[in-house]
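Okay, so here's the structure we're looking at.
The values are calculated or read from the model by the stated rules, or taken from the named source; none is laboratory data. None of the values given here were measured: they were computed from a predicted structure. Cβ atoms come from the backbone with ideal geometry, glycine included; neighbour counts cover every protein chain shown. Side chains included, ligands, DNA and RNA excluded: accessible areas come from the protein's heavy atoms. Shrake-Rupley method; radii C 1.70, N 1.55, O 1.52, S 1.80 Å.
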Amino acid sequence: MNIKDSWLKSGYVDEPVPTNIDIKKEIIRLKEEKDAIIMAHFYQKNEIQDIADFVGDSLALAQEAAKTDAKIIVLAGVHFMGETAKILSPDKLVLVPDLNAGCSLADSCPPDAFNSFVEKHPDHTVLTYVNTTAKIKALSDIVVTSTNAKNIVDSLPKDEKIIFGPDRNLGNYLNSISGRDMVLWDGACHVHEKFSVEKIVDLKKKHPDALVLAHPECKKPLLLLADYVGSTAALLKYSIKSEANEFIVATESGIIHQMQKESPGKTFIPAPPNDSTCACNDCEYMKLNSLEKLYNALKYEWPSIDVDEDIRIEAVKPINRMLDISKKAGL
């Protein structure tokens, strides 16, 4: 098997990184040499967040991808994030360090099945969460993120019939705070589904002054327990502004790195999952990316993201609607 075939089989450049180099300095050198920007999601490993030019949630990453002048976008996140960047910047080379970095929520919404679901509700506006494939976005009227979902729902007429997918927990939460009755696709994020309410209650007993911060992809019982519910970016902002000194954080543990950097004097406790062997809740897909894969992606300019042009043309419309509404809302 030649090198190219091994790359295609593995989903990433499986070439050994020289041991005699400073990998962080080399990544920076390659980035500058090739006019590349490194964009990382909050859920990435600490060392990737620290070397990135831009760190943010899905909305911020989409906004950055739409405006960057760089020739190459290295998206340290999962596959759908790379697709979103390519949809918005088709003329740029978009790299994801490991193509195996998928998303359980995106996987829970197959395009054929979702299309059939939409066809059963022909008079409904289709809102889809950004955690979906390009094909799902192409079937949508507006894409949303957890940061802007409430604003986008509120921007629609009160009597408008709406389909929301794929996250049922976020959809139920939006229904509860907006007074809507959206038809929900039955999908979920495996990370946010796994949090243990019982263990969080036990943590509260040990840390009675700690505030519980929860992402709206969590199940309803946990959201009812939470002191604050919001997107990763919103949770970060809340933790900075809050006068509290302890927080139990019910989302992917990667966000705690930024929380700790912004508020070094505060304590952040990752909310535990049901799995008794784990003290925190990580997304194994997000954590597939590494500095070594990031270095190789820049060096070899692979793996790259491609989106069929017909699909891209349809998918960019609901994403642009999202960006326009978000801009008007000041997000």
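About the Cα centre of the stretch 261-331, what is the dipole size in debye to 20, counting +1 per Lys and Arg Cβ and -1 per Asp and Glu Cβ, all else neutral?
Dipole about the Cα centre, nearest 20: 500 debye.
Considering all projection directions equally, how large on average is the shadow of the alpha-carbon convex hull of the stretch 223-271, in square nanometres?
Directional mean of the projected Cα hull area for the stretch 223-271 stands at 3.0 nm².
About the Cα centre of the stretch 150-234, how large is the charge dipole given +1 on each Lys and Arg Cβ and -1 on each Asp and Glu Cβ? Please answer in debye to the nearest 20.
Using only the charged Cβ atoms, the result is roughly 220 debye.
In the chain, what percent of the accessible surface is made up of carbon and sulfur (1.4 Å probe, ligands and nucleic acids excluded)?
49
Using a probe radius of 1.4 Å on heavy atoms only, what accessible surface per residue do you get for the stretch 66-136? Whole Å² is fine.
Dividing the accessible area of the stretch 66-136 by its residue count gives 36 Å².
For every helix of n ≥ 4 consecutive DSSP H residues, a contribution of -39,500 (n - 2.57) applies; sum these over the chain, divide by its total residues, and give [θ] at 222 nm rounded to the nearest 500 deg cm²/dmol.
-12500 deg cm²/dmol
Cα centroids of the stretch 98-149 and the stretch 195-243: how far apart, whole angstrom?
Using only Cα atoms, the two centres lie 27 Å from each other.
Taking 0.36 nm per intervening residue step and subtracting the Cα-Cα distance, what contour gain separates Val183 from Lys220 on full extension?
Additional length available on full extension: 11.6 nm.
Dividing the alpha-carbon radius of gyration of the stretch 223-304 by 2.2 N^0.38 Å (N being the number of residues), what value is obtained?
Normalised by 2.2 N^0.38 Å, the Cα Rg of the stretch 223-304 equals 1.34.
Can you give me the accessible area per residue for the stretch 192-331, using a 1.4 Å probe, in Å²?
48
Give the residue from Gly102, Asn172, Cys283 lying farthest towards the positive end of the charge dipole for the chain; charges sit on Cβ (+1 for Lys and Arg, -1 for Asp and Glu) and the dipole is referred to the Cα centre.
Asn172
Within a Cβ distance under 15 Å of Ser176, other residues only, what is the Lys/Arg minus Asp/Glu net charge?
Once positives and negatives cancel, what remains is +1.
Treat every Asp and Glu Cβ in the stretch 1-156 as -1 and every Lys and Arg Cβ as +1, leave all other atoms uncharged, and give the resulting dipole magnitude about the Cα centre to the nearest 20 debye.
Rounded to the nearest 20 debye, it is 80 debye.
Convex hull over the Cα atoms of the stretch 9-146, averaged projected area in nm²?
Its Cα hull, projected and averaged over all orientations, spans 9.6 nm².
When a/c is below 1.5 the answer is rounded, else prolate if a/b is larger than b/c, else oblate, so apply that to the stretch 98-175 with a ≥ b ≥ c taken from the square roots of the Cα gyration tensor eigenvalues.
oblate
Sort the chain into rounded, prolate or oblate with this rule: let a ≥ b ≥ c be the square roots of the eigenvalues of the Cα gyration tensor; rounded if a/c is under 1.5, and if a/c is not under 1.5, prolate when a/b is larger than b/c, oblate otherwise.
oblate
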